[in-house]
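**Q** Just passing along the structure, written as structure tokens.
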Amino acid sequence: MKELEKYTNHAYALLRIMSGFMFLFHGAQKVLGLLAAMQPPIGSQLWIGGVIELIGGTMIMLGLKTRWVAFVCSGEMAVAYFQMHWRFQMDQNFFPIVNKGELAALYCFVFLLIATKGGVMWCLDKKD
């Protein structure tokens with residue numbers, strides 16, 4: 001629909017903001033114990049991932065150093081998918097719907113898109 005084309009940057013900015021906002025809550029669960037049944041030990045791989053999620057999600061949401069931070073978060077989600085969802089599953093099934101890795105795979109590619117486009121609008125750092 002041609003009428004919606006003028007809202008492309010607005011929709012992208014909302015995608016960036018909401019993705020960062022939701023991602024930071026995954027980090028808040030791991031690092032701060034917010035709405036979590038358990039916390040990983042400080043310094044463990046899961047805890048370090050939580051720090052990346054908490055800080056990275058906040059920076060992506062705010063549009064601060066967006067390209068670099070989104071690239072790091074995309075990589076973290078690629079590692080999470082291959083280490084936690086594919087490799088450690090008993091049946092070692094590659095498909096996200098089976099190994100419950102849909103969210104990691106989706107975040108990986110959303111953050112890869114954000115890394116290529118940057119903040120665009122409604123961001124703190126226009127020169128990312």
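**Q** Can you count the Lys pairs in the chain whose Cα atoms are under 16 Å apart, with each pair 8 or more apart or on different chains?
**A** 5
**Q** May I pose another question? Kindly state, to the nearest 0.05, the FRET efficiency for W68 paired with K6, given R0 = 22 Å and r defined as their beta-carbon distance.
**A** Details: r = 29 Å, r/R0 = 1.33.
The value I calculate is 0.15.
**Q** Pick from M22, M77, M59: which residue has the top mean-square fluctuation in a GNM of the chain where Cα pairs under 10 Å get a spring?
**A** Of the options given, M22 has the highest mean-square fluctuation.
**Q** Considering only protein heavy atoms and a probe of 1.4 Å, how much of the accessible area of region 7-128 is carbon and sulfur, as a whole percent? Provide the component values of the computation, followed by the final result.
**A** On the way: 5410 of 7260 Å².
Exposed carbon and sulfur together represent 74 percent of the surface.
**Q** Under a 5 Å amide H to amide H cut-off, with H placed in plane at 1.01 Å, what residues pair with G63 once short-range neighbours are removed?
**A** For G63, the qualifying residues are L124.
**Q** Summing -39500 (n - 2.57) over the DSSP H runs of n ≥ 4 in the chain and dividing by its residue number, what mean residue ellipticity at 222 nm do you reach, to the nearest 500 deg cm²/dmol?
**A** Mean residue ellipticity at 222 nm (helix-derived): -20000 deg cm²/dmol.
**Q** Continuing with the same structure: If you place +1 on the Cβ of every Lys and Arg, -1 on the Cβ of every Asp and Glu, and leave all else neutral, what size is the dipole of region 19-128 about its Cα centre, to the nearest 20 Debye?
**A** Approximately 240 debye in magnitude.
**Q** For T116 and R87, calculate 0.36 nm times their separation in residues minus their Cα-Cα distance, and state this gained length in nm to one decimal. Show your work: numbers first, answer last.
**A** Details: separation 29, 0.36 × 29 = 10.44 nm, distance 2.82 nm.
Full extension from T116 to R87 adds 7.6 nm.
**Q** With a cut-off of 20 Å, note down the residues of region 103-128 whose backbone N falls inside the zone around a label point 7 Å from the Cα of M18 toward its beta carbon.
**A** In region 103-128, the label zone of M18 (backbone N under 20 Å from the point 7 Å along Cα→Cβ) covers 103-124.
**Q** Run the numbers for K126 and F94: contour at 0.36 nm per residue of separation, minus the present Cα-Cα distance, in nm.
**A** Here the segment from K126 to F94 would lengthen by 7.7 nm.
The values are calculated or read from the model by the stated rules, or taken from the named source; none is laboratory data. Predicted model, so just to flag it, every value in this text is computed and none were measured. For neighbour counting, all protein chains shown are included, and Cβ atoms are generated from backbone atoms with ideal geometry for every residue, glycine included. Quick note on the areas: whole protein, heavy atoms, side chains included, nothing else; ligands and nucleic acids left out. Shrake-Rupley method; radii C 1.70, N 1.55, O 1.52, S 1.80 Å.
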